[in-house]
Amino acid sequence: IHLSRSALSTLSRYKGRLVFVGDESLLTRDEYDRAVPGKWTAEVMQYTYPRTTAQDLWQVLTERLPRWGLIREITVITDTGKPVWAVDWKVARHKGSYLVNLCNLGHRSVSVRILVRGQSASAVDLLNREPVGPVIQLLPLHPRLIKID
């Protein structure tokens, strides 16, 4: 990846965590393909096109986020306790409850659990006003709106 000297200079002042998606050779050349002196201190998520898939990167990312102190208050996992692939969820707080909008973007039905700070919670599907859980069946491209008290 080529980055201008100005952008590299700005980035060198950044005090947070750098995460490279690729390999250690990232940010070693400037915009004129000249070698950049020094070495970056960054965590690397290996990526090699076309061998590495989006699911490969997602798996590594879901393992690293808690180590980086990035823990979601609401988590969706498979019914067997593994991270769930192809399920999108958004969370909003409303009057002391969580509203969780779920959608299975995959082609197959999937069973999930919604955890609040690592624990199962009672919930209601607001679209049909029925209690749900602890395991929720998600059909492909079928949105669910779940309220957790």
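Does Val112 satisfy the criteria of being out of contact with any Cys (no Cβ under 7 Å at 6 or more places or on another chain), closer than 30 Å to Val19 by Cα and not small (Gly, Ala, Ser)?
Yes.
Within the range 110-122, restricting attention to residues that are polar (S, T, N, Q) and within 15 Å of Ile136 (Cβ to Cβ), which residue is modelled with the lowest pLDDT? Working first, answer last.
Step one: of the range 110-122, the residues polar (S, T, N, Q) are 111, 119-120, 122.
Now narrow it down to the ones that are within 15 Å of Ile136 (Cβ to Cβ): 111, 120, 122.
Working: Ser111: 96, Ser120: 87, Ser122: 81.
Going through the qualifying residues, I end up with Ser122.
Which members of the range 86-99 meet the condition of being more than 16 Å from the chain's Cα centre (by Cα) and under 16 Å from Arg72 (Cα atoms)? Before you say what the answer is, go through the steps one by one.
The initial filter retains those residues of the range 86-99 that are more than 16 Å from the chain's Cα centre (by Cα), namely 92-99.
Across the range 86-99, the qualifying residues are Ala92, Arg93, Ser97, Tyr98, Leu99.
Considering only the range 100-109, I want to know if a residue exists there that is at pLDDT 90 or above, closer than 28 Å to Gly133 by Cα, aliphatic (A, V, I, L, M) and surrounded by 15 or more Cβ atoms within 10 Å (Cβ to Cβ). I'd like the intermediate steps shown before the answer.
Within the range 100-109, the subset at pLDDT 90 or above is 100-109.
Restricting the remaining residues to those that are closer than 28 Å to Gly133 by Cα gives 100-109.
After this cut, where a residue has to be aliphatic (A, V, I, L, M) as well, the list is 100, 102, 105.
From what is left, the residues that are surrounded by 15 or more Cβ atoms within 10 Å (Cβ to Cβ) are 100, 102.
So far as the range 100-109 goes, yes, one or more of its residues are at pLDDT 90 or above, closer than 28 Å to Gly133 by Cα, aliphatic (A, V, I, L, M) and surrounded by 15 or more Cβ atoms within 10 Å (Cβ to Cβ).
For the range 103-121, which positions are outside any loop (DSSP other than H, G, I, E, B) and either β-branched (Val, Ile, Thr) or within 12 Å of Thr75 (Cβ to Cβ) (or both)?
Taking the range 103-121 first, the residues outside any loop (DSSP other than H, G, I, E, B) are 103-104, 110-116, 119-120.
Val110, Val112, Arg113, Ile114, Leu115, Val116, Gln119, Ser120 - these are the residues of the range 103-121 that are outside any loop (DSSP other than H, G, I, E, B) and either β-branched (Val, Ile, Thr) or within 12 Å of Thr75 (Cβ to Cβ) (or both).
If you take the residues of the range 31-42 that are of a type outside the set (Val, Ile, Thr) and surrounded by 12 or more Cβ atoms within 10 Å (Cβ to Cβ), which of them is modelled with the highest pLDDT?
Narrowing the range 31-42 to residues of a type outside the set (Val, Ile, Thr): 31-35, 37-40, 42.
Imposing the further condition that a residue be surrounded by 12 or more Cβ atoms within 10 Å (Cβ to Cβ) reduces the set to 31, 40, 42.
Details: Glu31: 92, Trp40: 86, Ala42: 89.
The qualifying residue modelled with the highest pLDDT is Glu31.
How many residues are at pLDDT below 90 and touching a strand residue (DSSP E or B) at 6+ places or on another chain (Cβ under 7 Å) if we restrict to the range 4-27?
So the answer is 3.
Identify the residue in the range 43-65 that is among the acidic types (Asp, Glu) and within 21 Å of Pro83 (Cα to Cα) and, among all such residues, is surrounded by the most Cβ atoms within 10 Å (Cβ to Cβ).
Here the answer is Asp56.
Tell me, please, whether a residue that is under 24 Å from Ser122 (Cα atoms), out of contact with any Gly (no Cβ under 8 Å at 6 or more places or on another chain) and modelled with pLDDT under 90 can be found in the range 61-72.
Applying the first criterion (under 24 Å from Ser122 (Cα atoms)) to the range 61-72 yields 71-72.
Add one more test, that the residue is out of contact with any Gly (no Cβ under 8 Å at 6 or more places or on another chain), and what stays is 71-72.
After this cut, where a residue has to be modelled with pLDDT under 90 as well, the list is 71-72.
Scanning the range 61-72, I find at least one residue that is under 24 Å from Ser122 (Cα atoms), out of contact with any Gly (no Cβ under 8 Å at 6 or more places or on another chain) and modelled with pLDDT under 90, so the answer is yes.
Among the residues of the range 1-30, write down those that are exposed (fewer than 15 other Cβ atoms within 10 Å of the Cβ) and charged (D, E, K, R).
Within the range 1-30, Arg5, Arg13, Lys15, Arg17, Asp23, Glu24 qualify.
Testing Ala121 on (1) small (Gly, Ala, Ser); (2) within 16 Å of the chain's Cα centre (by Cα); (3) surrounded by 14 or more Cβ atoms within 10 Å (Cβ to Cβ), one condition comes back false. Which one is that?
(2) is the only condition that Ala121 fails.
Restricting to the range 74-87, give me the number of residues that are modelled with pLDDT under 95, out of contact with any helix residue (DSSP H, G or I) (no Cβ under 9 Å at 6 or more places or on another chain) and part of a strand (DSSP E or B). Don't jump to the end; show me each part of the working.
Of the range 74-87, the ones modelled with pLDDT under 95 are 74-86.
This time we only want the ones that are out of contact with any helix residue (DSSP H, G or I) (no Cβ under 9 Å at 6 or more places or on another chain), so: 74-82, 84.
The next check asks that each one be part of a strand (DSSP E or B); those that pass are 74-78.
The qualifying residues number 5.
The values are calculated or read from the model by the stated rules, or taken from the named source; none is laboratory data. Predicted model only: the values in this text are computed from it and were never measured. Virtual Cβ from ideal backbone geometry, glycine too; neighbours counted across all protein chains shown.
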